[in-house]
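K.L.:
Sending over a structure as structure tokens; questions will come in a sec.
The values are calculated or read from the model by the stated rules, or taken from the named source; none is laboratory data. If you're wondering where the values come from, they're calculated on a predicted model, not measured in any experiment. Cβ atoms come from the backbone with ideal geometry, glycine included; neighbour counts cover every protein chain shown. These area figures cover heavy atoms from the full protein model, side chains too; ligands, DNA and RNA do not enter into them. Shrake-Rupley method; radii C 1.70, N 1.55, O 1.52, S 1.80 Å.
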Amino acid sequence: MEKLVVYGGKKLSGTISVQGSKNSTLPILAGALLAQGEVVLHNCPLLTDVNAAVNILKSLGSRIKRENNTLIIDSTNITTSVIDENLMHEMRSSIVFLGALLARTGKAELSAPGGCEIGLRPIDLHLKAMRELGVEINEEKGNLLCVAKNGIKGAEITLAFPSVGATENVILAATAGEGRTILINAAREPEIKNLADFLNSCGAKIYFAGESTIIIDGVKKLHGCEFNIISDRIVASTYMAAAAITGGEMEITNFPVRDIQPVLDIFNSGGCIINSDETSLHIKAPERLHLSGTIRTMPFPGFPTDFQAPAMAMSTVSELTTIFIETIFESRYKHVPQLKRMGADISVEGTVAVVQGVKKLHGATVYAEDLRGGIALVIAALAAEGKTDVINLKHIDRGYEKIEDNLRRLGAEINREVY
Ligand code: EPZ
């Protein structure tokens, strides 16, 4: 087993170039299944979730080469429409292969992803939308047997909730379908546009008609392309939090600054001085943050649920009180007991967490229960007095590339150790 050992109290400073977006890379890898030709993807992060998606593509017949942060994929010859359940269970967001498989082969057999650490993660919106596109779906003992007997037929679909994954599945399925699909109440996260831009580079016809409506005109065949994946807005925000909580100063580069607009307020109100241009941002933190107010997670362009935990870590040492309301996932406060072990003063009632800032946290042995909760513990450890061991790193490695190397280069005293 591995752990991160952090000796807190060091101010971070320096420059970090932001990794490619995990939540863009995953649906775009599913999209590569539709391209009959070579797809070259740049800025792919080195993450275990990306490896899991690559393994699924390989199991379906795609040929893949990795050259550092570039993936070269050729899905000209797909050999099956069945995804092995072990591969499905490696990463629950592999449900995004459903739409792509149906579009490419007219059928798909995969195990329904279970819930995960942050909630039940139902897929009812995905399945309802697939059925509206003409797909027959039988659910048997946790498996999904899906067939589009007459191919994917365009339809007008309204999502009851702007689900990111359901939006991606509709786009992927309808892209190689027949006729026009109009998707209403679609998710507006930047990763959706990145997926559409990728598919359009392969010859798809996807248009944004207003902020939450997407039009997809099905095309017969998609060709290969060369494409740059956008950088990760949640990772960029996380490095900002590392600077903010340590009273440091950091230059964060190579990412679309407009994508983190929803979180800038928390840093500004906390006393950070931020200067930015389109693709880089400079943050200078005060000696002590004075975060306060209410943070309610919402679909984009609201405050991102994926940044709730790192933001909470920052708020634990603020001068004031911060209230969090988690409206997207039903159990996304698993980092709270761990932060309390470090001396944080947090009380949770249902979806509301009240954080009374304390002067200092102290080191402890803490357990990462999920991806963003895990990185929140690392953020807290950077400011805590003494030594913190963060264990169960598999969650953090799903989403943060070279996290200890990057933080060490920025001045943190942090090492990965086997225990
Ligand atoms: C994506 O998950 C992201 N994952 C999540 O990031 C992110 O937190 C989430 O979007 C919200 O922004 C990837 O992109 C791989 P949803 P997804 O469908 O698509 C409910 C991270 O840390 N829902 O928008 O699963 C669902 O239970 C991860 O990088 C249904 O009820 O999110 C949740 O409460 C965590 N039925 C809410 O909608 C459905 O059919 C939002 O889910 C689908 C979703």
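K.L.:
Put a dot 7 Å past each Cα toward the Cβ at residue 391 and residue 180; how far apart are the dots in nm?
P.N.:
The answer from the label model is 5.9 nm.
K.L.:
OK, next. Need the full-extension length gain, residue 365 to residue 268, defined as separation in residues times 0.36 nm minus the C-alpha distance. One decimal, nm.
P.N.:
Details: separation 97, 0.36 × 97 = 34.92 nm, distance 3.12 nm.
Length gained, residue 365 through residue 268: 31.8 nm.
K.L.:
Another question about this same structure. Mind checking the full-extension length gain between residue 413 and residue 221? Use 0.36 nm per residue of separation minus the Cα-Cα distance, one decimal, nm.
P.N.:
On the way: separation 192, 0.36 × 192 = 69.12 nm, distance 5.16 nm.
Computed gain between residue 413 and residue 221 is 64.0 nm.
K.L.:
Determine which aspartates and glutamates satisfy two conditions relative to residue 65: a Cα distance under 17 Å, and not lying fewer than 8 residues away in the same chain.
P.N.:
38, 49, 74, 226
K.L.:
Right, something else. Is the shape of region 66-159 best called rounded, prolate or oblate, per the rule: a/c under 1.5 gives rounded, else a/b larger than b/c gives prolate, else oblate, with a ≥ b ≥ c the square roots of the Cα gyration tensor eigenvalues?
P.N.:
Working: a/c = 1.60, a/b = 1.14, b/c = 1.41.
Oblate is the answer for region 66-159, as a/c is 1.5 or above yet b/c matches or exceeds a/b.
K.L.:
Treating the angle as unsigned and between 0 and 90°, give the value, to the nearest 10°, between the Cα long axis of helix 48-60 and the longest Cα principal axis of the chain.
P.N.:
Tilt relative to the chain: about 10 degrees.
K.L.:
What ranking, highest mean first, results for peptides 378-389, 337-348 when packing means the other Cβ atoms within 10 Å averaged over each residue?
P.N.:
Details: 378-389: 24.0, 337-348: 18.8.
Top to bottom by mean Cβ count within 10 Å: 378-389, 337-348.
K.L.:
Also, quick follow-up: Given the protein chains as shown and a 1.4 Å probe, how many square angstrom of residue 404 are accessible, to the nearest 10?
P.N.:
Its accessible surface works out to 20 Å², give or take rounding.
K.L.:
Which residues among region 108-131 fall inside the zone where the amide N is under 15 Å from a point 7 Å beyond the Cα of residue 90, along Cα→Cβ?
P.N.:
111
K.L.:
If packing is taken as the average number of other Cβ atoms within 10 Å across a peptide's residues, how do 282-290, 39-47 rank, most packed first? Walk me through the intermediate numbers first.
P.N.:
On the way: 282-290: 17.2, 39-47: 20.8.
The peptides rank, most packed first, as 39-47, 282-290.
K.L.:
Also: If packing is taken as the average number of other Cβ atoms within 10 Å across a peptide's residues, how do 2-8, 57-63 rank, most packed first? Could you put the intermediate results ahead of the total?
P.N.:
Numbers: 2-8: 20.7, 57-63: 17.7.
So the order, starting with the most tightly packed, is 2-8, 57-63.
K.L.:
Nearest 0.05, what FRET efficiency do residue 136 and residue 320 give at R0 = 60 Å with Cβ-Cβ as r? Intermediate results must be reported in sequence, preceding the final value.
P.N.:
Working: r = 55 Å, r/R0 = 0.92.
With R0 = 60 Å, the Cβ-Cβ based efficiency is 0.60.
K.L.:
Looking at the chain only, what percent of DSSP beta bridges run antiparallel? Nearest 5 please.
P.N.:
Numbers: 60 of 84 bridges.
Here the share of antiparallel DSSP bridges comes out near 70 percent.
K.L.:
Let me ask something else. Is there a quick way to get the dipole size of the chain? I mean about its Cα centre, with the Cβ of Lys and Arg at +1 and of Asp and Glu at -1; what is the value in debye to the nearest 20?
P.N.:
Rounded to the nearest 20 debye, it is 180 debye.
K.L.:
As a quick test, which of the pairs 128/149; 340/387; 334/402; 58/205 have an alpha carbon distance above 21 angstrom in this structure? Spell out each step's value before the answer.
P.N.:
Details: 128/149 17 Å; 340/387 15 Å; 334/402 24 Å; 58/205 27 Å.
334/402; 58/205, as the Cα separations exceed 21 Å there.
K.L.:
Could I ask something else about it? What residues qualify as long-range amide H neighbours of residue 361, i.e. H under 5 Å apart, gap of 5 or more or another chain, H built at 1.01 Å from N?
P.N.:
It is 385, by chain and number.
K.L.:
Between residue 65 and residue 156, what is 0.36 nm times their sequence separation minus the Cα-Cα distance? Round to one decimal in nm.
P.N.:
Working it through step by step, the gained length comes to 29.0 nm.
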